[in-house]
1. Which one of these is surrounded by 10 or more Cβ atoms within 10 Å (Cβ to Cβ) and modelled with pLDDT under 90: 49, 29, 45, 5?
2. Based on what the data block shows, is residue 18 touching a helix residue (DSSP H, G or I) at 6+ places or on another chain (Cβ under 6 Å) and at negative phi?
3. From the list 82, 57, exactly one residue is at pLDDT below 95, within 22 Å of the chain's Cα centre (by Cα) and surrounded by fewer than 10 Cβ atoms within 10 Å (Cβ to Cβ). Which is it?
4. Since residue 18 meets every condition but one in (1) modelled with pLDDT under 95; (2) part of a loop (DSSP other than H, G, I, E, B); (3) over 21 Å from the mean Cα position of the chain (by Cα); (4) surrounded by 10 or more Cβ atoms within 10 Å (Cβ to Cβ), which condition does it not meet?
5. Among the numbered criteria (1) loosely packed, with under 10 Cβ neighbours inside 10 Å; (2) in contact with a helix residue (DSSP H, G or I) (Cβ under 8 Å, 6 or more places away or on another chain), which one does residue 94 miss?
6. Could you please find all residues in region 31-46 being more than 18 Å from residue 13 (Cβ to Cβ) and assigned to a helix (DSSP H, G or I)?
7. Which residue is nearest to residue 16 (Cα to Cα), if the candidates are limited to region 60-79 and must be under 23 Å from the mean Cα position of the chain (by Cα) and surrounded by 10 or more Cβ atoms within 10 Å (Cβ to Cβ)?
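The values are calculated or read from the model by the stated rules, or taken from the named source; none is laboratory data. The model shown is predicted, which means the values in this text are computed figures rather than measured ones. As a convention, Cβ positions derive from the backbone with ideal geometry for all residues, glycine included, and neighbour counts pool all protein chains shown.
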């Protein structure tokens, strides 16, 4: 976890229920990292959460996939006649029908 995240005052609680085996393994890992269980869980959960969020912002594509992606972005939009009609003709709430 970044030092700025560590230096901020913790203002809220996060409670989880675990099995005895899960707690034992987590406690053992925290001890090996020479930190508290709370700090260990927080650091691991925070890093995992950052990875999940980052995956939503960035994605990797092969060269072929990238070309297909760019071609799709540059292609002319498909026509939707019913949508065009809906957006250009007066609706039921328009005064001058």
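1. 5
2. So residue 18 fails the test.
3. The unique qualifying residue is 57.
4. (1)
5. Tallying (1) loosely packed, with under 10 Cβ neighbours inside 10 Å; (2) in contact with a helix residue (DSSP H, G or I) (Cβ under 8 Å, 6 or more places away or on another chain), residue 94 fails exactly one: (2).
6. 31, 32
7. Among residues in region 60-79 that are under 23 Å from the mean Cα position of the chain (by Cα) and surrounded by 10 or more Cβ atoms within 10 Å (Cβ to Cβ), the one nearest to residue 16 (Cα to Cα) is 61.
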